[in-house]
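**Student:** First, the structure itself, so that you have it in front of you.
The values are calculated or read from the model by the stated rules, or taken from the named source; none is laboratory data. Quantities reported herein were computed from a predicted structural model and do not represent experimental measurements. Please note: Cβ atoms are built from the backbone with ideal geometry, for glycine as well, and neighbour counts cover all protein chains shown. For accessibility, only protein heavy atoms count, side chains too; no ligands or nucleic acids. Shrake-Rupley method; radii C 1.70, N 1.55, O 1.52, S 1.80 Å.
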Amino acid sequence: MEDRGNERPGTGRITVEGRANERPGTGRIRVEDRGNERPGTGRITVEDRGDERPGTGRITVEDRGNERPGTGRVTVEDRGNARLETGRIPIEGHAMTTRREPGPRSREIIAREARHIAPGYQSFALYSGLAMARGSGCRLWDEDGNEYIDFIAGIAVGSIGHCHPHYVEALKRQTERLTFGSFTTETRARFLELLGSVTPEGLTRIQLFSGGAEAVEAALRLAKAATKRQEVIGFWGGFHGKTGGVLGLLGSDFKHHQGPFLPGQYSTPYADCYRCPLRLRYPDCGIACAEYVRDVIRFQTAGEIAAIIVEPIQGTAGNVVPPDGFLRAIQSVARDHGALFFADEMITGFGRTGSMWGMDHEGVVPDIMTVGKGVGGGFPLAGVVSTDALVSAKPWSNPSFSSSSYGGNPLASAAGLAALEIILKEDLVANAERVGAIMLAELGRLKEKYRTVGEVRGRGLLLGIELVEDRQSRRPLDKKITLDLYQECLRRGLVSMTYSPTIRINPPLVITEELAREGLAILDEALGVVLRRHGRD
Ligand SMILES: Cc1ncc(COP(=O)(O)O)c(C=O)c1O
């Protein structure tokens, strides 16, 4: 047993939860130390060396109180395949409260890149000051060897976590065979078959793209082709990418100074009940915002609506969950006006919300759906999903009219297939529901503890926190404070979107309860420190 930093690694009982691993002998198993005198504060890595089925079933690692690290005896008990073994396992410990700062390697690499990279890249990367070296599961390591729990997942991209062995193997295999071109491949056929088996009923036609905005634009072209109408309605707080064809549908300042927008694009209030745009209170409001869309159509449009585009949960706005009934009501409005009901499931799809699709929570099946982010497990992959009848619309269905250079290329298809196989095989949808519910309950405790926490919300592993100056006014907490919070989280080993007063938490779907609790404990500690520092405790 090796001690790498923790004062007393491996004391007490340690439970390791394994996931089925297809490649024998190559797995790494992470262990959370909960039996330590300081429960939940230690972290230990158990490396498997040559076991035929590493990580399958439940394994218990028991340290019998040896004080001399490096000589301890451990028992590995695999309840999954009834094998009991004793042996030596190297254990690495890290104290949770170890403080990390951007080290010399990070600083040097960032300085080099900064001479060339154009400004404007994603805030969480920019504000971190870190150069990342590698990832595994829900953990990241920077170039100086500091370890972090990942509550961002590339903003809900990393559904299956970092470098899942099955994913790595699938991409390696595909890279050796064929990497580009849109000829039919066995890989793409298998991917589409599997994807088509989990999409909502009737939505079995899929066209693949390499970015979310590109897919949304293709879907808008489809809606126009199918309805022969031109107008589209989006929502305040909505986000669908940053390309010219969607800007007018965004409900945020991402579109500021980018006008004029495409004619025929409108936006209407979303059911953001914490900050109701209509200044009403749910449920007394009767979800008035959904009915308000009818007025927007009546008074603002030419009455020729091709589609209403809506996120089942607004991700970019802060993982805002609408009340039950909102999405059904929007679907009714669309039906009543002969418009297509278009669900942008870019963030909410593939199990993120504890259900395969965000729309499942209301039992609503859209006419068109866009997918992205989690679908590729990190590879740039997105798609438009719709019905046989709709995708046949001309000119969308003409040869080359809905295609792109990279969409669904062999590598992207291999990534999509592997990611979906992992999601299904490891039942990550259920994991998102279970761990997400635990996290939401823990966030509720933060709300009780800190008056600055105005609201906590979420579904599955798509969670949000509103930090406010005071609960009465609900005015967002000063960004200076939240930028400080981001740094304090990083120093303690957590990357989470805490640099904004609307905190978004969306870890990889493979996260365990133990790691989720550990990350939240860091957030709690960092919040306490920062709020005290700024006189807000
Ligand atoms: C709901 C939704 N749609 C579309 C997009 C755009 O995706 P991309 O960044 O891949 O263009 C995003 C990105 O965050 C999104 O959240």
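**Student:** For ALA389 and ASP524 in the same chain, what is the full-extension length gain: residue separation times 0.36 nm, less their Cα-Cα distance, in nm?
**Tutor:** Length difference between fully extended and current span is 43.5 nm.
**Student:** Here is the link list: LYS373/LYS449; LYS255/LYS394; LYS449/LYS479. Which ones come out longer than 23 Å on Cα distance?
**Tutor:** Table pairs above 23 Å Cα-Cα are LYS373/LYS449; LYS255/LYS394.
**Student:** What is the log10 of I(q)/I(0) for region 388-474, computed with the Debye formula using one identical point scatterer on each Cα and no solvent, at q = 0.17 Å⁻¹?
**Tutor:** -0.82
**Student:** Order of 403-416, 196-209, 299-312 by packing, highest average Cβ count within 10 Å first?
**Tutor:** Averaged packing, sorted descending, gives the order 403-416, 299-312, 196-209.
**Student:** Of all the Cα-Cα pairs you can form in region 225-272, what percent are over 12 Å apart?
**Tutor:** Tail of the P(r) past 12 Å holds 59 percent of the pairs.
**Student:** Another question, then. Quick one: grab the alpha carbon gyration tensor of region 246-387, order the square roots of its eigenvalues as a ≥ b ≥ c, and give me rounded if a/c is under 1.5, else prolate or oblate depending on whether a/b is larger than b/c.
**Tutor:** rounded
**Student:** Further, regarding this structure: Only Cα pairs under 8 Å and at least 6 apart count here; give the relative contact order of region 148-250 as a rounded whole percent.
**Tutor:** 15 percent.
**Student:** Express in Å², to the nearest 10, the accessible area of ASP388 obtained by rolling a 1.4 Å probe over the protein heavy atoms while all chains stay in place.
**Tutor:** Surface accessible to solvent at ASP388 totals approximately 80 Å².
**Student:** Hey, what do the phi angles of region 425-435 turn into as Karplus ³J(HN,Hα) couplings, whole Hz, using 6.51/-1.76/1.60 and θ = phi - 60°, x for Gly and Pro?
**Tutor:** Karplus values, whole Hz, x for Gly and Pro: 5, 8, 6, 6, 5, 5, 4, 4, 5, 5, 5.
**Student:** Which residues' amide hydrogens lie under 5 Å from the amide hydrogen of LEU262, considering only partners 5 or more residues apart or on another chain, with H built in the peptide plane?
**Tutor:** GLY248
**Student:** Taking 0.36 nm per residue of separation and subtracting the Cα-Cα distance, what length does fully extending SER403 through THR175 add?
**Tutor:** Between SER403 and THR175, full extension yields an extra 79.9 nm.
**Student:** Hey, what do the phi angles of region 393-408 turn into as Karplus ³J(HN,Hα) couplings, whole Hz, using 6.51/-1.76/1.60 and θ = phi - 60°, x for Gly and Pro?
**Tutor:** Along region 393-408, the couplings run 4, 8, x, 3, 8, 5, x, 6, 7, 10, 9, 8, 5, 9, x, x Hz.
**Student:** Taking N as the number of residues in region 354-409, what is its Cα Rg relative to 2.2 N^0.38 Å?
**Tutor:** In units of the 2.2 N^0.38 Å rule of thumb, it is 1.33.
**Student:** Let me ask another. Going by amide H atoms built from the backbone, whose H comes under 5 Å of the H on GLY161, apart from near neighbours?
**Tutor:** Residues meeting the criterion, in which the H sits 1.01 Å from N, are LEU509, VAL510.
**Student:** Please compute the modelled spin-label separation between HIS116 and LYS425, points set 7 Å along Cα→Cβ, answer in nm with one decimal.
**Tutor:** So the label points at LYS425 and HIS116 sit 3.7 nm apart.
**Student:** If you don't mind, there's one more thing I want to ask. For region 321-394, how big is the tail of P(r) above 17 Å, as a whole percent of Cα pairs?
**Tutor:** So the pairs more than 17 Å apart make up 48 percent of the total in region 321-394.
**Student:** Moving to a separate point now. Between ARG335 and ILE155, what is the label-to-label distance in nm when each label sits 7 Å out along the Cα-to-Cβ direction?
**Tutor:** 3.4
**Student:** Within the accessible area of region 108-236, what % is carbon and sulfur when the probe is 1.4 Å and the other protein chains stay in place?
**Tutor:** After summing per-atom areas, the C and S share lands at 53 percent.
**Student:** I've got another one for you. Can you give me the % of accessible surface on region 286-419 that is carbon or sulfur? Probe 1.4 Å, all protein chains present, nothing else counted.
**Tutor:** Result for region 286-419: 51 percent of the exposed heavy-atom area is carbon or sulfur.
**Student:** Further, regarding this structure: Using only alpha-carbon positions, what ratio does the radius of gyration of region 305-446 give when scaled by 2.2 N^0.38 Å?
**Tutor:** Taking N as the residue count of region 305-446, the ratio is 1.15.
**Student:** Then there is this: What is the distance, in nm, between label points placed 7 Å from the Cα along the Cα-to-Cβ direction at ALA125 and at THR184?
**Tutor:** Each label point lies 7 Å from its Cα, and together they span 3.7 nm.
**Student:** Roll a 1.4 Å probe over the protein heavy atoms and report the accessible area of HIS256 in Å², nearest 10.
**Tutor:** Its accessible surface works out to 110 Å², give or take rounding.
**Student:** Residue by residue, what Karplus-based ³J(HN,Hα) values in Hz, rounded to whole numbers, does region 384-391 have, using 6.51, -1.76 and 1.60 with θ = phi - 60° and x for Gly and Pro?
**Tutor:** 10, 10, 7, 8, 3, 5, 5, 5
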